[in-house]
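Engineer: One structure, as structure tokens, below. Some questions next.
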Amino acid sequence: MVEIETATISSKGQIVIPSSMRKGIKEGDRFLIIKDKSSFILKKADNLDEKFKEDLEFARRTEEAWKRHDRREFKTLEFEDFIKEMKKW
């Protein structure tokens, strides 16, 4: 079942999760926040499976690579040198 509520952001950037939505969470729980152009996704960080963590790391590295590309920081490597660099990851 999907539940929908609204919340307001404070001047300090804090959002209060409505009490009707707080079942299963407690003080100190950590959350993953994913943002795109106009959406936010909130997910409990302790419930992340290993595959999802790997996907997030891949997304982070991909985003950083695009930023480096935009700054023209890429370099050309021979195949063997490229493989050596990839193994460092």
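The values are calculated or read from the model by the stated rules, or taken from the named source; none is laboratory data. What you see is a predicted model, and the numbers here were worked out from it, not measured in a lab. A quick note on method: Cβ atoms are made from the backbone with ideal geometry, for glycine too, and the neighbour counts reach across all protein chains shown.
Engineer: Suppose we filter the range 20-34 for residues that are within 13 Å of ALA45 (Cα to Cα) and either of a type in the set (A, V, I, L, M, F, W, C) or touching a residue at least 24 places away in the same chain (Cβ under 8 Å) (or both); how many remain?
Structural biologist: Going through the range 20-34 one residue at a time, the tally reaches 5.
Engineer: When the range 9-60 is examined, which residues are found to be closer than 30 Å to TRP89 by Cβ and among the β-branched types (Val, Ile, Thr)?
Structural biologist: ILE33, ILE34, ILE41
Engineer: I'd like to check something: does the range 73-81 contain any residue that is surrounded by 10 or more Cβ atoms within 10 Å (Cβ to Cβ) and either in contact with a Pro (Cβ under 7 Å, 6 or more places away or on another chain) or not in a loop (DSSP other than H, G, I, E, B) (or both)?
Structural biologist: yes
Engineer: Give the residue, chosen from LYS88, LYS26, LYS43, LYS84, that is surrounded by 10 or more Cβ atoms within 10 Å (Cβ to Cβ), at pLDDT 85 or above and charged (D, E, K, R).
Structural biologist: The unique qualifying residue is LYS84.
Engineer: Here is a list: LYS53, LYS37. Which entry is under 14 Å from the mean Cα position of the chain (by Cα), at pLDDT below 85 and surrounded by 10 or more Cβ atoms within 10 Å (Cβ to Cβ)?
Structural biologist: Exactly one residue qualifies, and that residue is LYS53.
Engineer: Inspect the range 8-23 for any residue being farther than 17 Å from ALA59 by Cβ, surrounded by 10 or more Cβ atoms within 10 Å (Cβ to Cβ) and of a type in the set (S, T, N, Q) and give the result as yes or no.
Structural biologist: no
Engineer: Report yes if GLU63 is among the charged types (D, E, K, R) and either within 22 Å of LYS88 (Cα to Cα) or part of a strand (DSSP E or B) (or both), otherwise no.
Structural biologist: yes
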